[in-house]
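I have placed the structure first, in the form of structure tokens, so that the comments after it can refer back to it.
The values are calculated or read from the model by the stated rules, or taken from the named source; none is laboratory data. Note that the coordinates shown come from a computational prediction; the quantities given were computed from them, not determined experimentally. Here the Cβ positions follow ideal geometry from the backbone for every residue, glycine too, while neighbour counts run over all protein chains shown.
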Amino acid sequence: MSKNHSVKAVAKYIRMSPHKVRRVLNQIRGRSYQEALMILEFLPYGAGGPIWQVVHSAAANAQHNHKLDKKKLIVDKVFANEGPKLKRIRPRAQGRAYKILKPTCHITVILKDSQ
């Protein structure tokens, strides 16, 4: 096993505001893999679900592709980038229309070996 492996997983086009996702990502940055999963499971935010999936996927990548032990992984970097916005129209009085922007985001999780 070589040292300092970093393993990445990305979830793209998640139908959630990146601002709301970042609030949850800040809670798990720098924690161990197992601790991060526990925190995500019990946080009362909707963003916890998709983030949990990405963290779990990154750990699976580490185990399968690099033969790393899941118990020794640490959340190195996590970030949510803005994705494309879905544009919708809200009808208003007198033939007007207001724009509704439904944001999406791309969640990236990078795990590293603690050794």
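Restricted to region 1-25, and to residues there that are part of a loop (DSSP other than H, G, I, E, B) and among the small types (Gly, Ala, Ser), the residue that is farthest from Ala58 (Cα to Cα) is Ser17.
Of the listed requirements (1) exposed (fewer than 13 other Cβ atoms within 10 Å of the Cβ); (2) within 15 Å of Ile110 (Cα to Cα), Ser32 misses just one: (1). Here is the figure for region 58-77: residues that are in contact with a helix residue (DSSP H, G or I) (Cβ under 8 Å, 6 or more places away or on another chain), surrounded by 15 or more Cβ atoms within 10 Å (Cβ to Cβ) and over 11 Å from Gln34 (Cα atoms) total 2.
Do we find that Val55 is surrounded by 13 or more Cβ atoms within 10 Å (Cβ to Cβ), under 12 Å from the mean Cα position of the chain (by Cα), in contact (Cβ under 8 Å) with a residue 40 or more places away in the chain and closer than 29 Å to Ile100 by Cβ in this structure? For Val55, the condition - surrounded by 13 or more Cβ atoms within 10 Å (Cβ to Cβ), under 12 Å from the mean Cα position of the chain (by Cα), in contact (Cβ under 8 Å) with a residue 40 or more places away in the chain and closer than 29 Å to Ile100 by Cβ - is not met. With respect to the conditions (1) surrounded by 13 or more Cβ atoms within 10 Å (Cβ to Cβ); (2) in contact (Cβ under 8 Å) with a residue 40 or more places away in the chain; (3) more than 21 Å from Lys85 (Cα to Cα), Arg22 falls short on a single one, namely (3). Val10 meets each of the listed conditions (1) at pLDDT 95 or above; (2) touching a Leu at 6+ places or on another chain (Cβ under 9 Å); (3) of a type in the set (A, V, I, L, M, F, W, C) apart from (2).
Okay, residues lined up against (1) modelled with pLDDT of 95 or more; (2) among the aromatic types (Phe, Trp, Tyr):
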{"residue": "Lys70", "(1), (2)": "no, no"}
{"residue": "Asp76", "(1), (2)": "no, no"}
{"residue": "Asn81", "(1), (2)": "yes, no"}
{"residue": "Lys87", "(1), (2)": "yes, no"}
{"residue": "Pro91", "(1), (2)": "yes, no"}
{"residue": "Tyr98", "(1), (2)": "yes, yes"}
{"residue": "Ile107", "(1), (2)": "yes, no"}
{"residue": "Lys112", "(1), (2)": "no, no"}
